[in-house]
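The values are calculated or read from the model by the stated rules, or taken from the named source; none is laboratory data. Everything quoted here is computed from the prediction, not taken from an experiment. Virtual Cβ from ideal backbone geometry, glycine too; neighbours counted across all protein chains shown. Side chains are part of the model used for accessible areas, which takes the heavy atoms of the whole protein and leaves out ligands, DNA and RNA. Shrake-Rupley method; radii C 1.70, N 1.55, O 1.52, S 1.80 Å.
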Amino acid sequence: MDGTGPAASAGTLADAWNAAADEIVSAGRRMDGRGWVPATAGNISVRLADGRIAITRSGTHKGLMGPEAVMQVEPDGRATVPGERPSAETLLHCQLYARDPAIGAVVHGHSVAATVLSMQDPAPALEFSGYELLKAFQGLATIVEPHLEECRLGYLIRGHGVYVWGPDMFTALARLEGLEFLLACRLEERKLPR
Ligand SMILES: [Zn+2]
């Protein structure tokens, strides 16, 4: 805040909100362009300066949405505006933000490679160094919690998709691309005769 009065503060807050919503919208388009968020899959969030979280609404298509598809939740996942419905996986985002103050953005997608590899592989984890595969989706925030210590950059939920984070959206997306690349490579390797 620059201390020039309430109008300026309100403007600054609105600018920050618009910037966060724009980042989420363009991240959604980028993920959709790669085929990582089919139908209404996936969710994307950014931490705001006041600690609240801008996150995609439930049931939005990440490639076709505009800024109106982004809403605000409290750090504990409750909608700031009562009655609004955030993504069903909002608590997984909140959990990450609560755990590490350095996290500024979280992205989650459902790629073919993540889904097929995690369903097919009986091992508890794919060996890309520490991306944990988890068995269930019910009560996921609780299931994920004990594993977060060993997941520094992201995790993969069996049959579901990946969660990746970073200090900002640019870094989170770069990490997502890196991880999806590894997963796509592994899927291609499996198709080759041994
Ligand atoms: Zn999901």
Got a number for the accessible area of W17? Probe 1.4 Å, square angstrom, nearest 10.
60
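If you take the square roots of the eigenvalues of the alpha-carbon gyration tensor of segment 6-71 and sort them as a ≥ b ≥ c, do you get rounded (a/c under 1.5), prolate (a/b over b/c) or oblate? Each step should come with its number before you reach the end.
Working: a/c = 2.75, a/b = 2.45, b/c = 1.12.
The shape class here is prolate.
Using the heavy atoms of the protein chains and a 1.4 angstrom probe, tell me the accessible area per residue for segment 74-118 in square angstrom.
On the way: 1950 Å² over 45 residues.
Accessible area per residue: 43 Å².
From largest accessible area down, sort S26, S58, S111; use a 1.4 Å probe on the protein chains. It would help to have the intermediate numbers written out before the result.
On the way: S26 65, S58 40, S111 5 Å².
Accessible-area ranking of S26, S58, S111, largest first: S26, S58, S111.
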Of all GluC sites (Glu not before Pro) in segment 1-105, which ones are in loop regions per DSSP and have a Cβ with at most 13 other Cβ atoms within 10 Å?
E84
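Once you wrap a convex hull around the alpha carbon atoms of segment 1-116, what is its projected area averaged over all directions, in nm²?
On the way: hull surface 31.4 nm².
For the Cα atoms of segment 1-116, the hull's average projected area reads 7.9 nm².
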Sulfur and carbon atoms: percent of accessible area, segment 1-94 [1.4 Å]
56
